[in-house]
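The values are calculated or read from the model by the stated rules, or taken from the named source; none is laboratory data. These numbers were taken from a predicted model, which means no experiment stands behind them. Every residue, glycine among them, receives a Cβ derived from its backbone with ideal geometry; neighbour counts consider all protein chains shown. Just the protein is used for accessible areas: all its heavy atoms, side chains included, with ligands, DNA and RNA removed. Shrake-Rupley method; radii C 1.70, N 1.55, O 1.52, S 1.80 Å.
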Amino acid sequence: MARAMSEQEVFGVAPDADAIERHARATIERLPAAFRAHLGAIVLLVEEEADDETLAALGLDHPLDLTGLYHGRPFGEKSSGDSGALPDRIHLYRRAILDEWIETGVRLDDLVAHVTIHEIGHHFGLSDDAMHALEDAVGEGD
């Protein structure tokens with residue numbers, strides 16, 4: 001069955017932050033239950049682009065070089081002493097995601113899933129290989 005096109009797709013309007021967030025949340029819903037159970041306190045933020053302070057901290061020169069970022073302590077490193085700390089956050093950067101989408105031709109939902117899973121992988125302290133396995137388990141682009 002063919003998927004209905006959104007108004008943004010029909011009229012050529014760039015997907016907004018809400019569209020990026022919907023794709024990210026759909027990805028999270030497809031994660032195995034064992035992973036979803038430990039994501040409740042993570043805040044998902046979709047921003048236009050990384051700020052200058054974030055870019056400087058990462059040694060990056062341009063905001064389009066960063067599609068996503070995890071802020072927090074990996075799940076396995078948490079302790080009771082963490083109370084009062086800011087919640088863990090996953091930042092998705094809309095403009096960088098759209099730029100990569102245009103450059104690569106990868107489906108937007110697949111790209112957002114890839115970035116989201118990569119940042120979730122940092123939350124769990126996963127290796128790149130484990131992140132790829134999790135991405136395969138989620139089954140991008142249903």
task: Would you check if there is a residue in the range 9-16 being open to solvent by less than 60 Å² (accessible area, probe 1.4 Å), under 28 Å from ALA133 (Cβ atoms) and at pLDDT 75 or above?
output: yes
- prompt: Within the range 101-140, restricting attention to residues that are of a type in the set (Gly, Ala, Ser) and in contact (Cβ under 8 Å) with a residue 60 or more places away in the chain, which residue is surrounded by the fewest Cβ atoms within 10 Å (Cβ to Cβ)?
  reply: GLY139
field: Total residues in the range 42-61, condition exposed (fewer than 11 other Cβ atoms within 10 Å of the Cβ) and assigned to a loop (DSSP other than H, G, I, E, B)
entry: 2
- request: Look at the range 26-35 and say how many of its residues are under 15 Å from the mean Cα position of the chain (by Cα) and touching a residue at least 60 places away in the same chain (Cβ under 8 Å).
  value: 6
Near pairs, Cβ below 7 angstrom, 6+ apart or cross-chain, from the range 36-61 (small (Gly, Ala, Ser)) to any residue that is in a loop (DSSP other than H, G, I, E, B) and at pLDDT 95 or above: ALA50/LEU66
